2 protein chains.
Amino acid sequence: MRRKLTLKQIAKEMDVSIATVSKALRDSSDIGLETREKIQAFAKLYNYKPNNIALSLKNRKTKNIGVIIPEIVHHFFTTVVSGVERVANKRGYNVIVCLSDESFDKEVINMEMLASGSIDGFIMSLSKETQAKKDFHHLKEAINQGMPLVLFDRVAEEIYCDKVVIDDAQGTYRAVNHLIDTGCKRIALITTVDYVSVGKLRTQGYLNAIEDAGFEIDENLIIKIEDTEDCEEPIRNLFETQEFDAIFGVNETFAVSAMREAQVRGLKIPEDVSVIGFTDGILSKYSYPRMSTINQHGVEMGEKAAEMLIDKLEEVEEDEYYRTEVVKSSLTIRESTKKIS
Amino acid sequence: MRRKLTLKQIAKEMDVSIATVSKALRDSSDIGLETREKIQAFAKLYNYKPNNIALSLKNRKTKNIGVIIPEIVHHFFTTVVSGVERVANKRGYNVIVCLSDESFDKEVINMEMLASGSIDGFIMSLSKETQAKKDFHHLKEAINQGMPLVLFDRVAEEIYCDKVVIDDAQGTYRAVNHLIDTGCKRIALITTVDYVSVGKLRTQGYLNAIEDAGFEIDENLIIKIEDTEDCEEPIRNLFETQEFDAIFGVNETFAVSAMREAQVRGLKIPEDVSVIGFTDGILSKYSYPRMSTINQHGVEMGEKAAEMLIDKLEEVEEDEYYRTEVVKSSLTIRESTKKIS
DNA sequence: CTGAAAGCGCTTACAG
DNA sequence: CTGAAAGCGCTTACAG
């Protein structure tokens with residue numbers, strides 16, 4: 001087992017000083033051409049790679065960016081991560097992904113861990129628990145320490161930082177309108193509890209669309225689900241007790257579970273019930289029939305978040321100006337909704 | 001913007017030496033109790049956190065483990081990552097996730113980047129391109145430098161290191177047997193090209209099961225797909241040209257695409273065709289009907305890989321002994337296969 | 001043209 | 001009981 005090569009060893013080997021080696025490798029004109037070339041050849045031969053840790057300590061920057069997401073086993077978040085990766089790698093940054101597991105405590109711990117030297121800035125989406133508690137001291141702390149932060153999707157107004165969100169309310173509004181345009185009259189909504197920021201906004205979009213169409217809002221057609229894992233029961237109950245001809249799900253799981261329940265009951269999609277979901281996921285693409293969706297553009301959100309963060313990291317003069325970028329959702333009409341007649 | 005607090009600042013503030021502060025904070029009995037308490041109180045008050053980078057440089061270990069996976073937008077890999085996270089966090093390690101995007105070059109670059117100081121060891125699954133090329137110099141290089149490596153799922157015999165795999169051949173064997181037990185006679189196989197290690201093994205399991213049952217192997221029932229994204233066409237072709245009563249898919253996409261094609265053709269699942277897939281994914285759980293699968297236990301694989309890696313990192317004397325852990329797959333019978341009569 | 005020195009933030013063996 | 005010194009691997013302003 002050969003230890004990693006260091007400048008010191010090269011210096012000794014070639015009988016020059018460490019400083020000379022360092023400069024030669026950065027091709028500084030300080031050093032005589034001959035020496036430079038000799039040293040570079042040697043380094044190449046033995047495959048010298050500078051130690052990142054030492055560089056980080058010296059430069060006070062790590063070229064790492066930290067991403068904290070609530071769950072990795074969740075298609076939307078992974079698309080965002082892959083967007084972040086793409087631009088980060090292009091711009092010379094590494095990505096460190098940590099999971100909060102929807103837990104406030106894990107979110108705090110991970111942030112502290114990363115903040116103490118491992119990264120130059122954060123990209124994150126709040127855990128459910130954090131949104132419920134509305135305790136953001138850890139975020140403010142990071143910002144105070146001069147650690148740039150970009151929040152995406154599940155954001156909080158109380159935090160002053162760059163943000164990337166999608167047009168949750170508008171996107172939903174358009175989707176519900178599409179249902180109405182295809183002749184649906186009674187549209188059920190399966191949504192989350194209100195403290196989840198995106199759930200609340202999507203609910204709002206639904207309400208606006210229904211009202212603007214001149215329909216009445218029927219509270220019985222709206223169900224709010226606490227735990228995504230336990231959505232089957234309330235959905236079954238909705239089918240049992242209510243009459244409707246369309247369903248809007250604020251996320252993929254809700255929408256696809258609704259499709260299944262309809263099929264179990266022998267209902268035809270979209271003839272008997274139309275279904276549309278807010279998602280960018282894989283379930284909708286592979287479902288049968290293929291589900292119409294409002295596309296969340298996770299990759300694009302990730303790319304945008306990474307651009308914003310790296311811009312901030314690299315800008316010369318800090319401005320205290322924060323932007324909120326709104327990514328526009330788009331309707332993907334597949335087979336679970338009717339054609340416009 | 002307050003910069004992060006350092007030992008130096010505390011030392012100055014309290015008019016003692018840096019060494020004293022350092023020891024006091026580690027609660028060394030070297031330092032007088034009174035001084036110790038005063039310093040600790042001060043540090044706590046100003047929320048001092050040691051700089052990880054400096055610690056890493058000093059200790060020559062980072063307490064980070066690097067995970068390189070081919071794709072993050074792939075449910076199996078994310079379950080593995082979440083297993084790794086779980087035990088890593090428990091044992092005081094951070095996880096850095098990088099993506100190879102199924103590309104050899106990106107795999108090499110990411111490894112080099114991580115290997116130069118950012119992490120103490122690797123957990124990875126090979127990219128398709130790497131498996132096709134059979135070029136493993138980057139892995140050997142890492143091992144040579146004394147960087148422990150655990151390979152999972154897509155492994156290579158040529159590399160001497162710890163490995164975590166699933167019983168691909170056996171699991172498939174059992175699944176195919178299950179199909180046979182439920183009365184299926186002509187079982188089609190949708191698999192990958194042979195250089196993907198797991199695809200090859202699963203194909204082998206299929207062949208063994210068919211032969212052991214005394215059936216004849218019909219090459220026309222076996223299709224090998226190069227690119228997962230483009231599986232629809234060959235699958236359609238299979239349905240058009242061949243007769244069969246069951247399908248085995250070596251991954252979720254293949255299996256679920258087969259289910260869809262069957263449904264489009266008005267075939268009943270499982271009455272007309274049974275379908276089973278090798279996967280641990282989310283598509284099968286939410287498909288309609290729910291798909292029977294061979295469970296890959298990704299979380300468990302991740303946990304095991306992390307345990308092996310951290311054990312190796314923390315063992316006092318290095319032994320040059322490598323283990324291969326085989327995680328046992330399990331059949332999850334849902335609705336896409338018939339009952340045993 | 002080359003190298004000694006200081007420093008990034010920390011720890012620890014050693015001297016006093 | 002406290003602190004100066006050396007060192008982890010690197011860079012850079014400065015002296016020669």
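The values are calculated or read from the model by the stated rules, or taken from the named source; none is laboratory data. The structure presented is a predicted model; accordingly, all values stated were derived computationally and were not measured. No Cβ is skipped: glycine too gets one built from the backbone with ideal geometry, and neighbour counts run over all protein chains shown. These accessible areas exclude ligands, DNA and RNA; they are computed on the full protein's heavy atoms, side chains included. Shrake-Rupley method; radii C 1.70, N 1.55, O 1.52, S 1.80 Å.
Distance between the modelled labels on A:LYS268 and A:GLU13, one decimal in nanometres: 7.6 nm (7 Å Cα→Cβ projection). Annotation: B:ASP27 carries an accessible surface of approximately 90 Å², with a 1.4 Å probe and no ligand, DNA or RNA atoms counted. Treating the Cα atoms of the stretch A:7-50 as identical point scatterers in vacuum, please give the log10 of the normalised Debye intensity I(q)/I(0) at q = 0.23, 0.25, 0.33 Å⁻¹, two decimals. So the normalised log intensities work out to -0.67, -0.80, -1.38. For chain A, modelled as a GNM whose springs connect Cα atoms under 10 angstrom apart, the maximal fluctuation among A:GLY266, A:GLY66, A:GLY302 occurs at A:GLY266. Using Cβ point charges alone (K and R +1, D and E -1), the dipole size of the protein assembly as shown about the Cα centre works out to roughly 2000 debye. Provide the net charge surrounding A:VAL87, with neighbours chosen by a C-beta distance below 15 Å and charges set as Lys +1, Arg +1, Asp -1, Glu -1. That sum, taken over residues with Cβ under 15 Å, equals -3.
Between the amide H of A:ASN94 and those of A:ASN64, A:ILE65, distances stay under 5 Å, these residues lying 5 or more places away or on another chain, with hydrogens modeled in the peptide plane.
Rolling a 1.4 Å probe over the protein heavy atoms leaves A:ASP218 with an accessible area of roughly 40 Å². Heavy-atom accessible surface of B:ARG91, to the nearest 10 Å², is about 70 Å², with a 1.4 Å probe and all protein chains retained. Of A:ILE225, A:GLY92, A:SER116, which is farthest along the charge dipole of the protein assembly as shown in the positive direction, counting Lys and Arg as +1 and Asp and Glu as -1 at C-beta? Most positive-ward Cα: A:SER116.
In this structure, the amide hydrogen of A:VAL150, modeled 1.01 Å from its nitrogen in the peptide plane, lies closer than 5 angstrom to those of A:PHE122, A:ILE123, A:MET124, counting only residues at least 5 positions away or on a different chain. Along the charge dipole of the stretch A:7-50, pointing to its positive end and built from +1/-1 on Cβ of Lys, Arg, Asp and Glu, which listed residue (A:PRO50, A:SER28, A:VAL16) has its Cα farthest out? Of the options given, the answer is A:PRO50. P(r) tail, the stretch A:99-210: Cα-Cα pairs separated by more than 26 Å, 31% of all pairs. Ellipsoid fit via the Cα gyration tensor, the stretch B:202-260: semi-axes of 20, 13, 10 Å, each the root of five times an eigenvalue, largest first. Among B:LEU331, B:LEU151, B:LEU267, the residue with the largest mean-square fluctuation in a Gaussian network model of chain B, with springs joining Cα atoms closer than 10 Å, is B:LEU267. Between B:SER82, B:SER22, B:SER329, the Gaussian network model of chain B with springs among Cα atoms under 10 angstrom shows the greatest mean-square fluctuation at B:SER22. Only the Cβ atoms of Lys and Arg (+1) and of Asp and Glu (-1) were treated as charged; on that basis the dipole of chain A about its Cα centre amounts to roughly 2000 debye.
What share of Cα pairs, in percent, lie more than 26 angstrom apart in chain B? Pairs farther apart than 26 Å: 57 percent. In the assembly of identical copies, B:LEU313 has its label point, taken 7 Å from Cα in the direction of the beta carbon, separated from the corresponding points by 2.2 nm (ascending, one decimal). Note on exposure: B:HIS138, B:HIS74 ranked by accessible area (1.4 Å probe, complete protein assembly) read B:HIS74, B:HIS138, with the most exposed listed first. Shown for the stretch B:7-50: the carbon plus sulfur share of the solvent-accessible area, taken with all protein chains present and a 1.4 angstrom probe, equals 50%. Ordered by 1.4 Å accessible area with all protein chains kept, B:LEU179, B:LEU201, B:LEU33 run largest first as B:LEU33, B:LEU201, B:LEU179.
Using alpha carbons only, what's the Rg to Rh ratio of the protein assembly as shown with Rh from Kirkwood? Rg divided by Rh gives 1.01.
Working note: Karplus 6.51/-1.76/1.60 with θ = phi - 60° gives the stretch B:223-231 the couplings 10, 10, 9, 6, 10, 3, 5, 9, 9 Hz, where Gly and Pro are set to x. Taken residue by residue and averaged, Cβ atoms of other chains lying within 10 Å of the Cβ of A:93-100 number 5. Kirkwood Rh, Cα Rg: Rg to Rh for the stretch A:266-337? Value, to two decimals: 1.26.
Taken about its Cα centre, the stretch B:7-50 carries a charge dipole of about 200 debye when Lys and Arg each add +1 at the Cβ and Asp and Glu each add -1 at the Cβ. Label points for B:LYS58 are taken 7 Å from Cα along Cα→Cβ. From this copy to the others they lie 2.0 nm apart, shortest first.
The value given for the stretch B:168-297 is a Kirkwood hydrodynamic radius of 14.2 Å, derived from the mean inverse Cα-Cα separation. For the chain pair B and A, the interface hides roughly 5200 square angstrom of accessible area in total, found with a 1.4 Å probe.
Using modelled amide H (1.01 Å from N, peptide plane; none on Pro or chain starts), what sits under 5 Å from the amide H of B:ALA188, excluding residues fewer than 5 places away? So B:ALA188 has HN proximity to B:ASP245, B:ALA246, B:ILE247, B:PHE248. Taking a virtual spin label 7 Å from the Cα of B:LYS133 along the C-beta vector, which residues in the stretch B:70-93 bring their backbone nitrogen under 18 Å of it? The answer is B:70-71, whose backbone nitrogens lie closer than 18 Å to the label point. Can you give the % of DSSP beta bridges in the protein assembly as shown that are antiparallel, to the nearest 5? Of those bridges, close to 10 percent are antiparallel.
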